[in-house]
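I have placed the structure first, in the form of structure tokens, so that the comments after it can refer back to it.
The values are calculated or read from the model by the stated rules, or taken from the named source; none is laboratory data. Computed from a predicted model, the values in this text were never measured in an experiment. Counting neighbours? That spans all protein chains shown, and the Cβs are built from the backbone with ideal geometry, glycine included. Calculation scope for accessible area: heavy atoms of the full protein, side chains included, ligands and nucleic acids excluded. Shrake-Rupley method; radii C 1.70, N 1.55, O 1.52, S 1.80 Å.
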Amino acid sequence: MKQELENFKYFTKCPVCSSSALSPFKKGTFNFLNLNKDQIKITDSDYGKTWDLSRCMYCTHIFANPSPSPAFIHSLYSKIEDPLYQEEARGRSKNFLRIISFLEKIHPTKGVLFDVGAATGILLSIALRRGWKPEGIEASAWAVRIAQEKYNLKIHEGYFEKADLPQNYYTAVTMVDFIEHIPNPFEAMAKANEILAPEGTLCIVTPDVNSLAAKITRGKWWHFRPAHLGYFSSKSLSILLQRAGFRIVKLRKYSWTFSARYLISRKPWLNFLLKSPHLASFWEKISIKLALCDSFEIYARKESRK
Ligand SMILES: [Zn+2]
């Protein structure tokens with residue numbers, strides 16, 4: 001029990017802005033002491049389950065409190081294997097291509113792109129094809145192996161905030177669905193700022209807790225899940241980025257693209273549509289854009305130090 005409790009910590013200050021004006025937001029709906037790696041997979045579909053959540057009265061950030069310690073959550077991610085994630089490579093590629101294309105408008109001569117939470121290397125493989133030098137870091141040993149086998153990419157295996165990386169070096173840093181999974185977003189932003197070259201660009205994609213989808217579905221919003229430790233608004237994200245030395249250059253809403261096969265596979269009562277391999281590959285080729293617009297896609301430039 002003692003060991004279990006050491007794996008969690010209570011915040012007395014907001015992990016985004018450091019204010020101590022915190023209030024309870026939502027009572028937790030699962031027993032966090034039993035948290036295991038299968039509950040935090042990217043493709044986990046157990047929606048509506050949350051930690052005890054607190055809300056910062058200054059910046060509006062909502063976060064798990066207590067929260068798993070950075071070392072504990074990293075140890076869980078290091079053991080994750082998630083084959084369903086890689087099966088959806090086609091749908092994810094479309095999302096990632098849009099991000100890389102936008103980065104190329106800011107940096108037409110390209111450069112070195114560092115992907116944080118690189119998973120199986122889908123984003124980096126696209127960056128490589130388009131002429132970027134790809135680098136990245138990922139906690140899951142399984143995902144790092146797949147990236148090597150499938151795309152011949154050498155991704156660092158480890159924990160971003162503590163990684164030994166060159167300073168003032170990278171042209172772009174991408175964090176797609178990363179910051180909502182970690183207990184210490186400010187440390188991750190500060191690290192991104194440290195490794196980016198002057199005028200380098202950070203891209204963040206993360207759910208918008210004030211989106212219409214979040215409001216309509218209330219407690220059943222699909223982003224309410226044990227893997228998510230922080231829920232951002234445009235206000236808390238702006239404060240976080242400014243505090244870490246960034247200036248926002250573009251903020252837009254994000255719509256995920258999925259293949260019909262992936263959406264069908266997540267509904268057990270539709271699984272009969274995948275019984276024949278011909279049918280399964282047919283659904284794979286059909287892309288469905290979910291216009292939920294319930295995530296942010298933000299580009300921020302590293303400010304030169306005054
Ligand atoms: Zn705050």
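Kindly state which strands (runs of 3 or more DSSP E) lie completely within region 98-189 and contain at least 1 residues that are farther than 18 Å from GLY200 by Cβ and open to solvent by 10 Å² or more (accessible area, probe 1.4 Å).
Once the strands (runs of 3 or more DSSP E) in region 98-189 are filtered for at least 1 residues that are farther than 18 Å from GLY200 by Cβ and open to solvent by 10 Å² or more (accessible area, probe 1.4 Å), what remains is 133-138.
Restricting the first residue to region 216-241 and requiring it to be in contact (Cβ under 8 Å) with a residue 24 or more places away in the chain, which pairs with a second residue that is within 16 Å of the ligand (Cβ to nearest atom) and open to solvent by 50 Å² or more (accessible area, probe 1.4 Å) meet a Cβ separation below 6 Å and a spacing of at least six or different chains?
If the second residue must be within 16 Å of the ligand (Cβ to nearest atom) and open to solvent by 50 Å² or more (accessible area, probe 1.4 Å), the pairs left are SER233/ASN210.
Going by the structure shown, is THR60 in a loop (DSSP other than H, G, I, E, B) and free of Cβ contacts under 8 Å to residues at least 12 places away in the same chain?
Working: in a loop (DSSP other than H, G, I, E, B): yes; free of Cβ contacts under 8 Å to residues at least 12 places away in the same chain: no.
Taking the combined requirement at face value, the residue does not satisfy it.
Name the residue, out of LEU196, LEU212, LEU237, LEU229, that is away from the ligand (no atom under 16 Å from the Cβ) and crowded, with 23+ Cβ neighbours inside 10 Å. Lay out the reasoning, then the answer.
On the way: LEU212 fails: crowded, with 23+ Cβ neighbours inside 10 Å; LEU237 fails: away from the ligand (no atom under 16 Å from the Cβ); LEU229 fails: away from the ligand (no atom under 16 Å from the Cβ).
Of LEU196, LEU212, LEU237, LEU229, the one residue that is away from the ligand (no atom under 16 Å from the Cβ) and crowded, with 23+ Cβ neighbours inside 10 Å is LEU196.
Can you report the number of residues in region 8-31 which are modelled with pLDDT of 95 or more and either within 18 Å of ALA227 (Cβ to Cβ) or open to solvent by less than 80 Å² (accessible area, probe 1.4 Å) (or both)?
Number satisfying all stated conditions: 10.
Within region 51-64, how many residues turn out to be among the small types (Gly, Ala, Ser) and within 12 Å of the ligand (Cβ to nearest atom)?
Residues in region 51-64 being among the small types (Gly, Ala, Ser) and within 12 Å of the ligand (Cβ to nearest atom): 1 in total.
Among all residue pairs at least 6 apart or on different chains, which show Cβ distances below 7 Å where the first residue, located in region 14-37, is in a loop (DSSP other than H, G, I, E, B) and among the polar types (S, T, N, Q) and the second is more than 11 Å from the ligand (Cβ to nearest atom) and open to solvent by 40 Å² or more (accessible area, probe 1.4 Å)?
SER20/THR12; THR29/LYS49
Take SER67 and tell me if it is among the small types (Gly, Ala, Ser) and either within 16 Å of the ligand (Cβ to nearest atom) or crowded, with 16+ Cβ neighbours inside 10 Å (or both).
Taking the combined requirement at face value, the residue satisfies it.
Identify the residue in region 78-97 that is modelled with pLDDT of 90 or more and under 16 Å from the mean Cα position of the chain (by Cα) and, among all such residues, is most open to solvent (accessible area, probe 1.4 Å).
SER78
Could you check, for region 253-261, whether at least one of its residues is at pLDDT 75 or above, assigned to a helix (DSSP H, G or I) and open to solvent by less than 10 Å² (accessible area, probe 1.4 Å)? Before the answer, list the steps.
Here is the first cut: in region 253-261, the residues at pLDDT 75 or above are 253.
Now restrict to residues that are assigned to a helix (DSSP H, G or I): none.
Checked against the condition, which is being at pLDDT 75 or above, assigned to a helix (DSSP H, G or I) and open to solvent by less than 10 Å² (accessible area, probe 1.4 Å), region 253-261 yields no hits at all.
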